[in-house]
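What follows is a set of notes on a single structure, which appears directly below.
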Amino acid sequence: MLKFFTHPDARGHLRGLAEEFGDSTNAVRIELNKLEEAGLLHGQTEGQKVVYRVNKANPFYSDLVSMVSKYMGFDELIENVLEKVGNLKEAYVVGDYAKGVDSGTIELVLVGDLYVSALDDLCERVANKIKRKIEYRIYTDVIVNIQEANLRLI
């Protein structure tokens, strides 16, 4: 369940998660129970639903977030972007990955004065390495209202 380890405030209930991941409620229930038993998720009853959240107090939480980030290729992409593409002021993950869904396409919003040709080359190389498509949008001015735009700072 990448959703919980790519988005620290992610929440989900059984039916919603099953629908989001296109899986049966029984299969999702089994995984949620395993993650809760391992102490990686907390389940809390809200009305008639059990809502799950990541357990940030788990001693393995930071390690899992780091591993998921590496698996998804964010660590390499961020490191290379910061070094080679110009004056990057802000970077956001948007779309499915911001919601914790591994759709195969990483969507980025980048703010700054960037070298498009260097960014294109870098994205192509990283995409080939991590086996995911990378799409980006560049803005020269700071995005004012991040919350309304449903963006996640990386």
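Restricting the search to the stretch 110-154, which residues are at pLDDT 85 or above, basic (Lys, Arg) and assigned to a helix (DSSP H, G or I)?
none
Give the stretch 4-19 a look and list any residue that's surrounded by 15 or more Cβ atoms within 10 Å (Cβ to Cβ), more than 20 Å from Thr45 (Cβ to Cβ), out of contact with any Leu (no Cβ under 7 Å at 6 or more places or on another chain) and not hydroxyl-bearing (Ser, Thr, Tyr), or say none.
His7
Taking the stretch 1-21, which residues are part of a helix (DSSP H, G or I) and among the charged types (D, E, K, R)?
Those that are part of a helix (DSSP H, G or I) and among the charged types (D, E, K, R): Lys3, Arg15, Glu19, Glu20.
Can you pull out the residues in the stretch 22-67 that are of a type in the set (Asp, Glu), surrounded by 12 or more Cβ atoms within 10 Å (Cβ to Cβ) and either assigned to a strand (DSSP E or B) or touching a residue at least 24 places away in the same chain (Cβ under 8 Å) (or both)?
If the condition is that a residue be of a type in the set (Asp, Glu), surrounded by 12 or more Cβ atoms within 10 Å (Cβ to Cβ) and either assigned to a strand (DSSP E or B) or touching a residue at least 24 places away in the same chain (Cβ under 8 Å) (or both), then Glu31 is the only one that fits.
The values are calculated or read from the model by the stated rules, or taken from the named source; none is laboratory data. This structure is a prediction, so every number in the text was calculated from the model and none was measured. Quick reminder, even Gly has a Cβ in these numbers, built from the backbone with ideal geometry, and neighbours come from all protein chains shown.
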